[in-house]
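Following: one structure in structure tokens, then a few remarks.
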Amino acid sequence: MVKLRSLSVAVGHAKNQTLAHPEAYATVKKSGPVAYNSGDWGQIIFQCFGSAWPKVLPFCLLNTLSVIIFMLLRDHDIIDCSLSSQAHTYGSVVLSFLLVSRINTALARYNESRGFIGIMYQETRELIQYAICLSKHYGNMDKEAREWRNELAYRSMILLRMAIAVVEFCSKGQPAWKCKELTGIEKLYMTPDDSWSLHSQATSESEYTNSMRVPFRAAFLVRETVTSNQNRLKTPLHITQMNAMLTSVDRFMSGFYGYVMVRRIIQRFAAAL
């Protein structure tokens, strides 16, 4: 019953926020998974959302127009720009090396990044379930114990939200500390102050760097809540159980470190092109 009431309160709060600030939801860009019908080849080929087709189409039209011009020049005996079979053979080898290898590299980086993000989601669920099951096992059902569980669940979800904000920064341009889910003392702790910019300039790059710092501060708050069970719970957790929860936070941060590493490799590779 307590969970149902909490869920209804959260849904009501979300509805009130939507009604009070409709402009905040009207400007959101279309995002999400790309859905398509595998039996409809026309939809797959010409679907614009989640596809590079809008960017590639002008080059395709330019290439087609160039071919038509060269064919007309050849048919009217003005100039022959056709290539021999050896040139096509050489071009196919170069194309296969450049295109196939780059596609395989891009897919490998995508799957690697997706795996790291999956680790962060998984460890967030595990950490919240650990907190609920282990604390209730020792009969911690008083108000202080419920507040401890709620705080740990909230900070764990905020940790995940801040990590995803770093992932979304390049597409949305929104720093992690400006997410609407961040409130209270957590927002004050994760909002940059003058000490954050002592060795950086106020540019978009520094905003991205500061956003990458926010998950580290969120992880500190989660670890602080985990270890505070010794003082806040009537029957504290065993040291091995607390270490299991801290290990879950460590695995989460390992997933975040892995994603950041892949992201930096992609940026350096793109800069070298």
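The values are calculated or read from the model by the stated rules, or taken from the named source; none is laboratory data. The model shown is predicted, which means the values in this text are computed figures rather than measured ones. Cβ coordinates were reconstructed from backbone atoms using ideal geometry, including for glycine residues, and neighbour counts include every protein chain displayed. Just the protein is used for accessible areas: all its heavy atoms, side chains included, with ligands, DNA and RNA removed. Shrake-Rupley method; radii C 1.70, N 1.55, O 1.52, S 1.80 Å.
Measuring only protein heavy atoms, the 1.4 Å probe finds Arg213 accessible over about 90 Å². Hull volume per residue, based on the alpha-carbon atoms of the range 102-153 and their convex hull, is 47 Å³. Here the convex hull built on the C-alpha positions of the range 205-248 has a volume of 55 cubic angstrom per residue.
With the whole protein complex present, Asp80 retains an accessible surface near 100 Å², based on a 1.4 Å probe. Cross-link partners of Lys143 among aspartates and glutamates, defined as those whose alpha carbon lies under 15 angstrom from its own and excluding same-chain residues fewer than eight positions apart: Glu151.
Using the 1.4 Å probe convention, the accessible area of the range 43-140 works out to 77 Å² per residue with neighbouring protein chains retained. Counting only heavy atoms of the protein chains and using a 1.4 Å probe, His137 has close to 140 Å² of accessible surface.
Note: the range 35-147, Cα convex hull, 190 Å³ per residue. Surface listing: Ile128, Ile78, Ile45 arranged by accessible area from highest to lowest gives Ile78, Ile45, Ile128, probe 1.4 Å.
Sorting Glu186, Glu168 on solvent-accessible area from highest to lowest, probe radius 1.4 Å, gives Glu168, Glu186.
Each pair of Cα atoms in the range 97-256 enters the Kirkwood radius, and Stokes-Einstein at 25 °C and 0.890 mPa s then converts it into a translational diffusion coefficient of 142 µm²/s. When +1 charges are put on Lys and Arg Cβ atoms and -1 charges on Asp and Glu Cβ atoms, the dipole computed for the range 112-269 relative to its Cα centre reaches about 280 debye.
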